[in-house]
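Below you'll find the structure, written out as structure tokens, and then a few comments.
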Amino acid sequence: MSEYDKVRTGKLVLKGEKQKGKKRKHKSKTTSDKPTIDKDCIQHGNWWKVSKIEEINGAVAIEFGNHTYVRALDNGLFTLGAPHNEGDGPAPEEILTAVPVNERKIALKSGYNKYLRVEKNGVVTGRSDAIGPMEQWEPVFQDGKIAIQGYNDCFISIREDDDAVVAVTKKAGEENVVQIRSQTVKEVNPLKDVPVEEQGNLTQIELNYVKKFQKFQDKRIKINTGDRKELDVAKDQGKLHETLLDRRSKMKADRTVLGWQS
């Protein structure tokens with residue numbers, strides 16, 4: 001993480017909330033293959049909570065509290081909509097379109113095809129036809145909470161006397177915490193962070209590494225035919241790479257073993 005990112009994540013300090021020390025989390029040794037059911041998503045009509053800015057794209061809704069969303073009015077203003085029943089999603093007037101601007105900021109467009117901005121008096125309106133500096137918003141994530149900051153460095157909230165959406169506080173409190181919900185289908189790829197060579201079963205993994213490192217002098221793949229049970233043991237002990245290298249070295253065909261560098 002860059003030094004800049006370390007500074008940015010410190011902006012969302014809730015008023016009256018003490019900073020807690022980091023606790024070391026212990027990973028469970030056992031994992032379940034059962035699919036996880038997102039009960040919160042089901043309770044909100046299949047609108048799931050985003051957890052990072054990369055997920056804020058397309059149709060979104062901004063939720064204050066529980067089952068109440070920011071609602072666009074035909075005069076260009078915004079208010080807090082009426083509460084929804086459990087299992088219902090946001091109404092059409094409560095659905096916005098998120099447009100990524102850069103790695104930190106987004107623009108938001110109402111159902112009236114106008115972009116949201118903060119006026120000089122702090123009121124949030126949706127009357128802009130294009131994205132400029134005043135139409136850019138920065139979602140700030142910290143400790144599982146989200147607050148949305150406008151160009152004026154203030155976070156959006158709901159004004160108590162008339163339920164209008166405003167951005168007037170420079171320090172985020174509980175009244176500024178929101179949930180950004182999306183209905184965009186997530187691209188689930190459990191192997192996205194796994195090297196290509198390590199995708200598949202152990203037999204395929206060994207073959208992948210042989211293809212990567214073997215010198216094809218006779219254009220024939222030379223793979224160790226010994227018992228592969230040692231690979232299962234090595235994987236459990238975190239020594240899979242060392243064991244694969246040892247098995248390849250026995251075949252006298254590994255670039256690394258022969259000291260060959262490409």
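The values are calculated or read from the model by the stated rules, or taken from the named source; none is laboratory data. Here the structure is a predicted model, which means the values were calculated and not measured. We place every Cβ from the backbone using ideal geometry, glycine too, and count neighbours over all the protein chains shown.
One line per residue, one yes/no per condition, for (1) in the same structural domain as Ser110 (by TED's automatic domain parsing); (2) part of a strand (DSSP E or B); (3) polar (S, T, N, Q):
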| residue | (1), (2), (3) |
| --- | --- |
| Glu138 | yes, yes, no |
| Ala147 | yes, yes, no |
| Asn152 | yes, no, yes |
| Ser157 | yes, yes, yes |
| Glu160 | yes, no, no |
| Val165 | yes, yes, no |
| Val168 | yes, yes, no |
| Ala172 | yes, no, no |
Practice item. Starting from residues that are charged (D, E, K, R) and touching a Lys or Arg at 6+ places or on another chain (Cβ under 8 Å), keep the ones in the range 50-69 and report whichever is nearest to Lys145 (Cα to Cα). Key: Glu63
Point to revise | Criterion: part of a loop (DSSP other than H, G, I, E, B), out of contact with any His (no Cβ under 8 Å at 6 or more places or on another chain), modelled with pLDDT of 95 or more and among the aliphatic types (A, V, I, L, M) - qualifying residue of Ala82, Ala98, Ala61 | key: Ala82
Check your understanding: Is it the case that some residue within the range 111-118 is farther than 19 Å from Ala59 by Cβ, modelled with pLDDT of 95 or more and in a loop (DSSP other than H, G, I, E, B)?
Key -> no
Exercise for review: With the condition kept exactly as written, say whether any residue in the range 119-132 is of a type in the set (Lys, Arg) and either touching a Lys or Arg at 6+ places or on another chain (Cβ under 8 Å) or outside the structural domain of Leu77 (by TED's automatic domain parsing) (or both).
Suggested key: yes
Review point. If we scan the range 42-52, do we find a residue that is closer than 24 Å to Val185 by Cβ and part of a helix (DSSP H, G or I)?
Key: yes
**Study point:** So Leu96, is it surrounded by 19 or more Cβ atoms within 10 Å (Cβ to Cβ) and within 22 Å of the chain's Cα centre (by Cα)
**Key:** yes
Study note, to complete from the structure: Those residues of the range 120-148 which are more than 14 Å from Ala172 (Cα to Cα), buried (at least 17 other Cβ atoms within 10 Å of the Cβ), within 25 Å of the chain's Cα centre (by Cα) and not aliphatic (A, V, I, L, M) amount to Glu135, Gln136, Trp137
